[in-house]
Amino acid sequence: MARSPRRPQRGSVTPPPSQGASPPELVVLTRTEADMAASAAGVRSRAGMRTDRLEAILKDAGATMTPLFGATEDRARSAMGASAAAAGARDPGTYYKVEAEGDLEAIAAALRATDPVEAAYVKPGAEPPLWRGEGGAAAAAAMGGEAPPATPDFTGRQGYLNAAPEGVDARWAWTQPGGRGTGVRIIDIEGEWRFGHEDLTQNQGGVVGGGLPPAADRLVWRNHGTAVIGVFGGDVNNIGVTGICPEANTRAHSVFGAGNSSSAAITASANRLSAGDIILLELHRPGPRHNFQGRNDQEGYIAIEWWPDDFAAILFATSRGIIVVEAAGNGAQDLDDAIYNTRPNFFPPGWRNPFNRANPDCGAVIVGAGAPPTLNHGPDRSRLGFSNFGACVDAQGWGEDVCTAGYGFLQGGPNEDLWYTATFNGTSSASPVVVGALGCVQGILRARARPLLNSVGARAVLRSTGSPQQATPGRPVAQRIGNRPNIRAIIGQLVPKVVEGKNFLKDMLDKGIDKTRPDKRVEQKNQVKDAIDKGLEKAKETKEKEKDTKEKETKEFKDAKEGKDGGEKNLIKDGKDQVENFRFPGAPAAETGGLEARVAALEAALGQLGGGAASHFIGAELRPDVGAAPQPGDAAAHLAMLEQLKAEIDAAIEAARGS
């Protein structure tokens with residue numbers, strides 16, 4: 001009998017009670033034509049619209065209304081206006097946060113009746129998207145006893161590090177330059193963390209913004225944040241766990257604190273990062289399924305981009321080239337359901353459901369929770385019953401049995417810095433698995449001087465590669481949570497030949513040799529060797545020619561600057577023409593030009609050995625797109641590649657002679 005998607009996944013364990021939700025947030029959107037200017041001192045309309053009623057409501061409620069995305073409306077527009085306009089989104093200077101005591105819903109209703117206000121809504125508090133009870137009380141119970149004198153190595157429990165389909169193939173990524181996430185920066189947005197944990201001491205920048213949760217909720221958030229970062233950022237050492245991309249720099253931003261909010265935390269984090277970096281949103285909140293009310297079973301909880309201000313903040317981050325990874329949520333919801341198309345009457349008139357990507361799209365990577373290969377929760381990579389699903393869900397991570405730092409169920413004791421768990425779960429655990437995989441990918445791309453992924457590009461490769469989702473009774477593949485990432489496959493798609501690079505020489509030789517004539521094997525391999533020798537000789541000539549050209553350009557440019565000869569542009573053009581007009585002997589005129597063309601000519605010559613079409617034997621990672629004119633250093637790189645290739649061919653020929 002199929003299990004209900006609204007039930008826990010095993011035993012009699014029930015979902016935890018509401019897990020330390022952040023405070024509800026009252027967000028106001030004013031009419032563009034009002035041209036509002038608001039501060040803690042008061043509000044006014046620079047267009048002359050009446051604001052007396054608005055001011056009275058705020059005064060009676062003891063409330064303040066301040067710009068959400070900047071110190072002033074104009075600063076918000078300066079920072080975010082261009083990205084909003086490009087996406088057809090609303091003016092970021094029209095978003096405000098209202099801080100007040102009392103009934104926020106009543107205040108919002110009153111504000112909606114004033115002339116300058118177009119929309120006012122109360123966002124439910126956000127919670128960590130943890131599915132099953134690893135909360136404060138349970139963790140506190142784990143403190144009995146002492147931790148061992150030295151923490152064991154728990155990496156054997158981290159199956160998500162392993163090769164696909166079991167894991168994301170992090171161990172392969174670590175063998176590649178940059179594959180531990182080198183140079184990548186990640187900010188986790190949620191509530192609290194334990195950066196003093198023994199396994200989170202390297203490559204971390206601590207908490208960069210926000211405040212602390214209420215005292216009663218701090219352990220819930222602190223364990224959660226520690227576990228999340230342990231998945232992708234655990235230290236490389238001989239104890240505990242190792243993160244998927246441990247060399248990435250990890251920081252954190254809280255959604256708590258005066259004047260703070262989830263959308264403010266996102267924009268502040270985006271301003272601290274650069275294109276190719278990553279923001280992780282470890283939050284979900286109750287949606288319209290149960291009228292935005294918090295529930296112990298989390299049914300109806302959804303990803304936070306559904307709310308207009310969070311959407312605007314995510315859009316700002318992704319427009320800067322930052323990858324935003326967002327937990328889909330644990331609400332057991334079909335995000336394609338019509339309920340999510342229905343605009344709440346307190347949202348602005350122009351709002352459209354962002355889960356339908358035919359509508360305006362913020363660009364986030366949405367992550368669902370899949371069953372791990374432990375087979376304790378159904379078939380590997382099948383949708384876990386609590387996980388939200390739908391066409392907008394881009395990828396899945398392990399949603400159960402994740403070994404990481406925090407909580408104290410695997411190793412406890414009175415010292416939180418020594419706590420570990422092997423049962424982290426929910427879209428909480430799934431999302432950092434995807435972040436870790438993307439961190440490795442970005443590090444490899446950076447090390448190879450390749451363009452880094454942006455958020456939409458990350459979506460594309462996660463969807464086009466990976467270990468496919470599987471079905472289980474009652475939860476078919478049509479309930480989409482996407483593929484489990486496969487780092488090796490992603491790199492194989494983005495950087496052709498890097499994965500199979502060790503085999504490219506064999507492939508080239510196989511294509512150049514007639515296997516029906518074993519008596520000609522050595523002779524034909526020698527022909528391949530001769531072709532490479534000729535290419536190597538010409539590459540050396542090219543190197544010398546480029547060196548001479550560069551020296552000539554430098555001298556003539558200097559002479560021109562001193563007025564001894566004609567214009568600079570003509571001198572540089574002449575120098576470029578000399579290099580561009582160089583070609584391999586026998587190459588047709590169409591193949592003259594830059595390094596790409598010269599390599600293609602060499603490949604064509606090799607292809608003729610087998611009588612067939614030429615195939616690229618030099619991977620694209622060794623043939624950067626340098627345009628029509630060679631740049632300084634191109635010939636040197638080409639020369640080094642050919643020398644290595646020649647050495648490998650020599651070895652292959654010797655092996656052939658001895659066989």
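Of these, 207, 168, 228, which one is open to solvent by 40 Å² or more (accessible area, probe 1.4 Å) and either touching a residue at least 12 places away in the same chain (Cβ under 8 Å) or assigned to a strand (DSSP E or B) (or both)?
207
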Lone qualifier among 174, 193, 221 - being under 14 Å from residue 242 (Cβ atoms), surrounded by 19 or more Cβ atoms within 10 Å (Cβ to Cβ) and of a type in the set (Phe, Trp, Tyr):
174
Complete set of residues in the range 460-483 that are surrounded by 24 or more Cβ atoms within 10 Å (Cβ to Cβ) and part of a helix (DSSP H, G or I):
462
Check off (1) hydrophobic (A, V, I, L, M, F, W, C); (2) open to solvent by less than 50 Å² (accessible area, probe 1.4 Å); (3) in contact (Cβ under 8 Å) with a residue 60 or more places away in the chain; (4) not in a strand (DSSP E or B) for residue 187 and give me the number that stays unchecked.
(4)
Which of (1) surrounded by fewer than 23 Cβ atoms within 10 Å (Cβ to Cβ); (2) touching a residue at least 40 places away in the same chain (Cβ under 8 Å); (3) small (Gly, Ala, Ser) does residue 215 not meet, given it meets every other one?
(2)
Checking residue 38 against (1) under 30 Å from the mean Cα position of the chain (by Cα); (2) at pLDDT below 95; (3) assigned to a strand (DSSP E or B), which single condition isn't satisfied?
(1)
Since residue 419 meets every condition but one in (1) at negative phi; (2) within 24 Å of the chain's Cα centre (by Cα), which condition does it not meet?
(2)
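Of the residues 295, 343, only one is basic (Lys, Arg), within 21 Å of residue 68 (Cβ to Cβ) and open to solvent by 10 Å² or more (accessible area, probe 1.4 Å); which?
Step by step, each of 295, 343 is checked, and only 343 is basic (Lys, Arg), within 21 Å of residue 68 (Cβ to Cβ) and open to solvent by 10 Å² or more (accessible area, probe 1.4 Å).
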Filter the range 99-119 for residues that are closer than 27 Å to residue 318 by Cβ and open to solvent by less than 30 Å² (accessible area, probe 1.4 Å) and give the result.
119
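Based on this model, can you work out whether residue 198 counts as open to solvent by 20 Å² or more (accessible area, probe 1.4 Å) and touching a strand residue (DSSP E or B) at 6+ places or on another chain (Cβ under 9 Å)? Walk me through how you get there before you give the answer.
Details: open to solvent by 20 Å² or more (accessible area, probe 1.4 Å): yes; touching a strand residue (DSSP E or B) at 6+ places or on another chain (Cβ under 9 Å): yes.
Spelling it out, residue 198 is indeed open to solvent by 20 Å² or more (accessible area, probe 1.4 Å) and touching a strand residue (DSSP E or B) at 6+ places or on another chain (Cβ under 9 Å).
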For the range 46-80, name all the residues that are open to solvent by 20 Å² or more (accessible area, probe 1.4 Å), out of contact with any Lys or Arg (no Cβ under 9 Å at 6 or more places or on another chain) and outside any loop (DSSP other than H, G, I, E, B).
52, 53, 56, 57, 59, 60, 61, 74, 75, 77, 78, 79
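Select, from 432, 414, the only residue that is more than 19 Å from residue 278 (Cβ to Cβ) and outside any strand (DSSP E or B).
Working: 432 fails: more than 19 Å from residue 278 (Cβ to Cβ).
The unique qualifying residue is 414.
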If I filter the range 476-489 for residues that are within 19 Å of residue 335 (Cα to Cα) and among the β-branched types (Val, Ile, Thr), do I get at least one hit?
yes
Out of all the residues in the range 421-442, is one or more out of contact with any Cys (no Cβ under 8 Å at 6 or more places or on another chain) and open to solvent by 10 Å² or more (accessible area, probe 1.4 Å)?
yes
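Rundown of residues vs (1) in contact with a Gly (Cβ under 7 Å, 6 or more places away or on another chain); (2) under 25 Å from residue 317 (Cβ atoms), yes/no style:
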{"position": "434", "(1), (2)": "yes, yes"}
{"position": "443", "(1), (2)": "yes, yes"}
{"position": "446", "(1), (2)": "yes, yes"}
{"position": "450", "(1), (2)": "no, yes"}
{"position": "456", "(1), (2)": "yes, yes"}
{"position": "463", "(1), (2)": "yes, yes"}
{"position": "471", "(1), (2)": "no, no"}
{"position": "476", "(1), (2)": "no, no"}
{"position": "486", "(1), (2)": "yes, no"}
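Are any residues in the range 284-319 of a type in the set (Lys, Arg) and in a strand (DSSP E or B), and if so, which ones? Explain how you work it out, then say what you get.
Keep residues of the range 284-319 that are of a type in the set (Lys, Arg), which gives 285, 289, 295.
Within the range 284-319, just 285 meets the criteria.
Conditions tested, residue by residue: (1) acidic (Asp, Glu); (2) in contact (Cβ under 8 Å) with a residue 12 or more places away in the chain; (3) under 22 Å from residue 108 (Cβ atoms).
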{"position": "302", "(1), (2), (3)": "no, yes, yes"}
{"position": "309", "(1), (2), (3)": "yes, yes, yes"}
{"position": "347", "(1), (2), (3)": "no, yes, yes"}
{"position": "379", "(1), (2), (3)": "no, yes, no"}
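To keep it simple, each residue is scored yes or no on (1) open to solvent by 20 Å² or more (accessible area, probe 1.4 Å); (2) of a type in the set (A, V, I, L, M, F, W, C); (3) part of a loop (DSSP other than H, G, I, E, B).
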position: 324; (1), (2), (3): no, yes, no
position: 339; (1), (2), (3): yes, yes, no
position: 347; (1), (2), (3): no, yes, yes
position: 356; (1), (2), (3): yes, no, yes
position: 359; (1), (2), (3): yes, no, yes
position: 369; (1), (2), (3): no, yes, no
position: 377; (1), (2), (3): no, no, yes
position: 387; (1), (2), (3): no, no, yes
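Would you confirm whether any residue within the range 261-270 is touching an Asp or Glu at 6+ places or on another chain (Cβ under 6 Å), open to solvent by less than 10 Å² (accessible area, probe 1.4 Å), farther than 20 Å from residue 388 by Cβ and in a loop (DSSP other than H, G, I, E, B)?
Residues of the range 261-270 touching an Asp or Glu at 6+ places or on another chain (Cβ under 6 Å): 261-263.
Cutting the leftovers down to open to solvent by less than 10 Å² (accessible area, probe 1.4 Å) gives us 261-263.
Checking the rest, the ones that are also farther than 20 Å from residue 388 by Cβ come to 261, 263.
Add one more test, that the residue is in a loop (DSSP other than H, G, I, E, B), and what stays is 261.
Yes - at least one qualifying residue is present in the range 261-270.
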Which number in (1) buried (at least 16 other Cβ atoms within 10 Å of the Cβ); (2) farther than 16 Å from residue 483 by Cα marks the one condition that residue 352 misses?
(1)
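Mind listing whichever residues of the range 326-337 are part of a loop (DSSP other than H, G, I, E, B), touching a helix residue (DSSP H, G or I) at 6+ places or on another chain (Cβ under 8 Å) and in contact (Cβ under 8 Å) with a residue 60 or more places away in the chain? Break it down into steps so the answer makes sense when it comes.
Within the range 326-337, the first condition is being part of a loop (DSSP other than H, G, I, E, B), and the residues that meet it are 328-333, 335-337.
Narrowing further to those that are touching a helix residue (DSSP H, G or I) at 6+ places or on another chain (Cβ under 8 Å): 328-331, 333.
Result: 328, 329, 330.
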Among (1) out of contact with any Asp or Glu (no Cβ under 6 Å at 6 or more places or on another chain); (2) open to solvent by 20 Å² or more (accessible area, probe 1.4 Å) - the single one residue 400 does not satisfy:
(2)
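The values are calculated or read from the model by the stated rules, or taken from the named source; none is laboratory data. The model shown is predicted, which means the values in this text are computed figures rather than measured ones. No Cβ is skipped: glycine too gets one built from the backbone with ideal geometry, and neighbour counts run over all protein chains shown. What goes into the accessible areas is simple: the full protein's heavy atoms, side chains included, and nothing from ligands, DNA or RNA. Shrake-Rupley method; radii C 1.70, N 1.55, O 1.52, S 1.80 Å.
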